[in-house]
1. Is one or more of the residues making up the range 36-45 outside any helix (DSSP H, G or I) and modelled with pLDDT of 85 or more?
2. Give me a count of the residues in the range 74-93 that are open to solvent by 50 Å² or more (accessible area, probe 1.4 Å) and in contact (Cβ under 8 Å) with a residue 24 or more places away in the chain.
3. What number of residues in the range 56-73 are open to solvent by less than 90 Å² (accessible area, probe 1.4 Å), in a helix (DSSP H, G or I) and out of contact with any Ser or Thr (no Cβ under 7 Å at 6 or more places or on another chain)?
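The values are calculated or read from the model by the stated rules, or taken from the named source; none is laboratory data. Keep in mind that what you see is a predicted model, and the values were worked out from it rather than measured. Reconstructed Cβ throughout: ideal geometry from the backbone, glycine too, with neighbour counts over all protein chains shown. For the accessible areas, the whole protein counts, side chains as well, though only heavy atoms, and no ligand, DNA or RNA atoms are used. Shrake-Rupley method; radii C 1.70, N 1.55, O 1.52, S 1.80 Å.
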Amino acid sequence: MGMGLDKLRELYLDDASIEQFHRNLSVLRKASGLSCKDMSDILGITRATYSNIESVGEMSRMHYLAIREALALVNEAKHEIVNIVRDIILLID
């Protein structure tokens with residue numbers, strides 16, 4: 001039987017998960033190849049606002065969800081690009 005929505009919220013929106021994500025946010029962003037400016041553009045906020053979110057002691061659930069989703073989408077897009085390039089190389093050879 002699948003997990004209920006409340007259980008999923010518990011797993012992903014608990015304070016400890018958000019705090020851990022926030023502590024590692026700079027590393028996660030850099031590992032995705034993004035600058036603060038890139039993230040602010042993706043999120044539709046100013047660079048100063050994003051820098052503040054990344055460096056302030058606490059992160060709101062709204063910021064957590066938006067940034068987590070943005071990073072996931074960026075990484076998914078990069079993966080797709082790699083697959084497309086690989087397919088093109090195979091076609092050329």
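1. Narrowing the range 36-45 to residues outside any helix (DSSP H, G or I): 44-45.
With the extra rule that they be modelled with pLDDT of 85 or more, the set shrinks to 44-45.
Among the residues of the range 36-45, at least one is outside any helix (DSSP H, G or I) and modelled with pLDDT of 85 or more, which makes the answer yes.
2. So the count comes out to 2.
3. Total satisfying the criteria: 8.
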